[in-house]
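J.: One structure follows; several queries about it will come next.
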Amino acid sequence: MIIGITGSIGSGKTTIARIFSRYHFKRIDADEIGHRIIKKNSGAYKKIIKEFGNGILGKNKDIDRNRLGNFVFNDGGRLKRLNSITHPIIISAIRNQIKKIQKKCGKKTKIIVDAPLLLETETRNIVDKIIVVKCDKSNILKRGNKYPKDKIERILKLQMPIKEKLRHADFVIDNNKGLGHLEMQIKKIIKGLDKK
(Lines give C-alpha, C1' and ligand atoms only; values in the text may rest on other atoms or scores of the structure.)
Protein backbone atom coordinates (compact mmCIF):
# COMPACT_ATOMS: atom_id res chain seq x y z
CA MET A 1 0.00 0.00 0.00
CA ILE A 2 1.46 3.35 -1.09
CA ILE A 3 0.08 6.46 0.60
CA GLY A 4 0.74 9.96 -0.69
CA ILE A 5 0.73 12.87 1.73
CA THR A 6 0.38 16.48 0.62
CA GLY A 7 -0.78 19.90 1.77
CA SER A 8 0.30 23.53 1.67
CA ILE A 9 3.80 24.68 2.56
CA GLY A 10 4.30 24.63 6.33
CA SER A 11 1.21 22.50 7.00
CA GLY A 12 3.21 19.77 8.79
CA LYS A 13 3.39 17.07 6.09
CA THR A 14 6.91 16.01 6.96
CA THR A 15 6.21 15.79 10.71
CA ILE A 16 3.15 13.64 9.94
CA ALA A 17 5.06 11.42 7.49
CA ARG A 18 7.72 10.87 10.18
CA ILE A 19 5.01 9.83 12.67
CA PHE A 20 3.73 7.30 10.08
CA SER A 21 7.27 5.91 9.82
CA ARG A 22 7.09 5.11 13.56
CA TYR A 23 4.17 2.82 12.65
CA HIS A 24 6.30 0.78 10.22
CA PHE A 25 5.66 2.87 7.09
CA LYS A 26 8.72 3.36 4.88
CA ARG A 27 9.03 7.08 4.13
CA ILE A 28 10.01 8.64 0.82
CA ASP A 29 10.58 12.40 0.92
CA ALA A 30 10.17 14.18 -2.45
CA ASP A 31 11.81 17.35 -1.06
CA GLU A 32 14.93 15.41 -0.05
CA ILE A 33 15.10 13.97 -3.57
CA GLY A 34 14.61 17.49 -4.97
CA HIS A 35 17.57 18.77 -2.93
CA ARG A 36 19.72 15.87 -4.08
CA ILE A 37 19.05 16.21 -7.81
CA ILE A 38 20.23 19.84 -8.00
CA LYS A 39 23.66 19.01 -6.64
CA LYS A 40 26.69 19.08 -8.92
CA ASN A 41 27.00 16.11 -11.30
CA SER A 42 23.29 15.32 -10.82
CA GLY A 43 20.56 15.00 -13.44
CA ALA A 44 19.11 18.49 -13.17
CA TYR A 45 22.17 20.63 -12.32
CA LYS A 46 23.32 21.61 -15.85
CA LYS A 47 19.75 22.03 -17.14
CA ILE A 48 18.84 24.42 -14.31
CA ILE A 49 21.96 26.55 -14.84
CA LYS A 50 21.34 26.63 -18.59
CA GLU A 51 17.76 27.77 -17.95
CA PHE A 52 18.38 30.35 -15.19
CA GLY A 53 22.03 31.40 -15.51
CA ASN A 54 25.02 31.55 -13.16
CA GLY A 55 23.27 34.06 -10.85
CA ILE A 56 21.74 31.14 -8.94
CA LEU A 57 25.16 29.70 -8.06
CA GLY A 58 26.75 30.09 -4.64
CA LYS A 59 30.09 28.96 -3.27
CA ASN A 60 31.91 26.12 -5.03
CA LYS A 61 29.54 26.55 -8.01
CA ASP A 62 26.73 24.78 -6.12
CA ILE A 63 23.16 25.86 -6.83
CA ASP A 64 22.16 28.16 -3.98
CA ARG A 65 18.63 27.02 -3.13
CA ASN A 66 17.72 30.38 -1.57
CA ARG A 67 18.80 32.29 -4.67
CA LEU A 68 16.99 29.84 -6.92
CA GLY A 69 13.88 30.03 -4.69
CA ASN A 70 13.86 33.84 -4.69
CA PHE A 71 14.21 33.75 -8.46
CA VAL A 72 11.37 31.31 -9.18
CA PHE A 73 8.89 32.10 -6.39
CA ASN A 74 8.49 35.64 -7.73
CA ASP A 75 7.43 34.40 -11.15
CA GLY A 76 4.95 31.60 -11.92
CA GLY A 77 6.46 31.10 -15.40
CA ARG A 78 9.95 30.53 -14.02
CA LEU A 79 8.57 28.11 -11.43
CA LYS A 80 6.84 26.13 -14.20
CA ARG A 81 10.11 25.96 -16.14
CA LEU A 82 12.00 24.75 -13.06
CA ASN A 83 9.31 22.14 -12.33
CA SER A 84 9.43 20.89 -15.93
CA ILE A 85 13.13 20.11 -15.37
CA THR A 86 12.98 18.66 -11.85
CA HIS A 87 9.62 16.86 -11.65
CA PRO A 88 10.30 14.03 -14.15
CA ILE A 89 13.59 13.28 -12.35
CA ILE A 90 11.95 13.37 -8.89
CA ILE A 91 9.08 11.12 -10.01
CA SER A 92 11.51 8.63 -11.54
CA ALA A 93 13.53 8.61 -8.29
CA ILE A 94 10.35 8.00 -6.23
CA ARG A 95 9.43 5.06 -8.47
CA ASN A 96 12.95 3.63 -8.07
CA GLN A 97 12.83 3.99 -4.27
CA ILE A 98 9.45 2.22 -4.16
CA LYS A 99 10.89 -0.66 -6.24
CA LYS A 100 13.92 -0.94 -3.94
CA ILE A 101 11.76 -0.93 -0.78
CA GLN A 102 9.38 -3.54 -2.22
CA LYS A 103 12.27 -5.72 -3.37
CA LYS A 104 13.91 -5.57 0.06
CA CYS A 105 10.81 -5.64 2.31
CA GLY A 106 8.10 -7.24 0.15
CA LYS A 107 5.28 -6.01 -2.09
CA LYS A 108 2.90 -5.48 0.84
CA THR A 109 5.20 -3.03 2.64
CA LYS A 110 3.44 0.18 3.63
CA ILE A 111 5.08 3.23 2.07
CA ILE A 112 4.32 6.89 2.66
CA VAL A 113 5.38 9.40 -0.03
CA ASP A 114 5.75 12.94 1.33
CA ALA A 115 5.26 15.11 -1.77
CA PRO A 116 4.22 18.79 -1.64
CA LEU A 117 3.22 18.71 -5.33
CA LEU A 118 1.64 15.26 -5.28
CA LEU A 119 -1.59 16.42 -6.91
CA GLU A 120 0.04 18.76 -9.42
CA THR A 121 2.31 16.05 -10.83
CA GLU A 122 2.24 12.45 -12.00
CA THR A 123 3.18 11.39 -8.47
CA ARG A 124 -0.56 11.04 -7.82
CA ASN A 125 -0.58 8.06 -10.24
CA ILE A 126 2.01 6.24 -8.12
CA VAL A 127 0.00 6.22 -4.86
CA ASP A 128 -3.02 4.15 -3.80
CA LYS A 129 -4.46 6.65 -1.31
CA ILE A 130 -4.04 10.38 -0.72
CA ILE A 131 -3.81 12.17 2.63
CA VAL A 132 -4.25 15.94 2.56
CA VAL A 133 -3.04 17.93 5.56
CA LYS A 134 -5.04 21.04 6.28
CA CYS A 135 -3.72 23.84 8.42
CA ASP A 136 -4.96 27.42 8.84
CA LYS A 137 -2.83 30.07 7.17
CA SER A 138 -2.33 31.80 10.54
CA ASN A 139 -0.80 28.58 11.96
CA ILE A 140 1.33 28.05 8.85
CA LEU A 141 2.76 31.56 9.23
CA LYS A 142 3.22 31.10 13.00
CA ARG A 143 5.12 27.82 12.59
CA GLY A 144 6.97 28.81 9.42
CA ASN A 145 10.45 29.10 10.86
CA LYS A 146 12.03 27.71 7.67
CA TYR A 147 11.21 30.77 5.53
CA PRO A 148 10.36 34.44 6.13
CA LYS A 149 6.61 35.16 6.18
CA ASP A 150 6.61 37.08 2.87
CA LYS A 151 8.23 34.10 1.12
CA ILE A 152 5.64 31.70 2.60
CA GLU A 153 2.87 34.03 1.36
CA ARG A 154 4.37 34.01 -2.16
CA ILE A 155 4.70 30.22 -2.20
CA LEU A 156 1.12 29.75 -0.93
CA LYS A 157 -0.17 31.89 -3.81
CA LEU A 158 1.64 29.69 -6.34
CA GLN A 159 0.46 26.39 -4.85
CA MET A 160 -2.82 24.62 -5.57
CA PRO A 161 -5.42 26.04 -3.13
CA ILE A 162 -6.09 23.75 -0.16
CA LYS A 163 -9.83 23.62 -1.02
CA GLU A 164 -8.94 22.05 -4.34
CA LYS A 165 -6.48 19.61 -2.72
CA LEU A 166 -9.15 18.49 -0.25
CA ARG A 167 -11.37 17.39 -3.15
CA HIS A 168 -8.81 14.69 -4.00
CA ALA A 169 -8.32 13.44 -0.43
CA ASP A 170 -9.08 9.91 0.71
CA PHE A 171 -8.14 11.06 4.23
CA VAL A 172 -7.81 14.53 5.76
CA ILE A 173 -5.57 15.38 8.72
CA ASP A 174 -6.31 18.60 10.59
CA ASN A 175 -3.03 20.03 11.89
CA ASN A 176 -4.39 23.04 13.76
CA LYS A 177 -4.10 21.52 17.24
CA GLY A 178 -1.35 19.76 19.20
CA LEU A 179 0.65 16.58 18.61
CA GLY A 180 -1.83 14.49 20.61
CA HIS A 181 -4.64 15.39 18.22
CA LEU A 182 -2.32 14.61 15.30
CA GLU A 183 -1.38 11.17 16.65
CA MET A 184 -5.05 10.32 17.24
CA GLN A 185 -5.94 11.10 13.60
CA ILE A 186 -2.95 9.15 12.29
CA LYS A 187 -3.85 6.06 14.36
CA LYS A 188 -7.43 6.27 13.06
CA ILE A 189 -6.20 6.37 9.43
CA ILE A 190 -3.85 3.42 10.02
CA LYS A 191 -6.69 1.40 11.53
CA GLY A 192 -8.82 2.21 8.46
CA LEU A 193 -6.02 1.16 6.11
CA ASP A 194 -5.47 -2.10 8.00
CA LYS A 195 -9.10 -3.06 7.40
CA LYS A 196 -8.70 -2.69 3.62
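The values are calculated or read from the model by the stated rules, or taken from the named source; none is laboratory data. As the structure is a computational prediction, the values presented were derived from the model and not from experiment. All Cβ positions, even for glycine, are placed from backbone atoms using ideal geometry, and neighbour counts span all protein chains on display.
J.: Looking only at residues in region 63-78 that are exposed (fewer than 13 other Cβ atoms within 10 Å of the Cβ) and in a helix (DSSP H, G or I), which one is modelled with the lowest pLDDT?
T.: Gly76
J.: Confirm whether His35 is loosely packed, with under 14 Cβ neighbours inside 10 Å, assigned to a helix (DSSP H, G or I) and either at positive phi or in contact (Cβ under 8 Å) with a residue 24 or more places away in the chain (or both).
T.: yes
J.: Can you find a residue in region 44-53 that is surrounded by 15 or more Cβ atoms within 10 Å (Cβ to Cβ), among the small types (Gly, Ala, Ser) and within 20 Å of Ile126 (Cα to Cα)?
T.: No, region 44-53 contains no residue that is surrounded by 15 or more Cβ atoms within 10 Å (Cβ to Cβ), among the small types (Gly, Ala, Ser) and within 20 Å of Ile126 (Cα to Cα).
J.: In this structure, is Ile5 within 30 Å of Gln185 (Cβ to Cβ), touching a residue at least 24 places away in the same chain (Cβ under 8 Å), outside any helix (DSSP H, G or I) and touching a helix residue (DSSP H, G or I) at 6+ places or on another chain (Cβ under 9 Å)?
T.: Against the criterion (within 30 Å of Gln185 (Cβ to Cβ), touching a residue at least 24 places away in the same chain (Cβ under 8 Å), outside any helix (DSSP H, G or I) and touching a helix residue (DSSP H, G or I) at 6+ places or on another chain (Cβ under 9 Å)), Ile5 qualifies.
J.: What are the residues in region 120-151 that are among the aliphatic types (A, V, I, L, M) and within 12 Å of Ala30 (Cβ to Cβ), if any?
T.: Ile126, Val127
J.: So, one more: Please tell me if Ile98 is more than 30 Å from Gln185 (Cβ to Cβ) and either at pLDDT below 95 or within 18 Å of the chain's Cα centre (by Cα) (or both).
T.: No: the conditions fail for Ile98.
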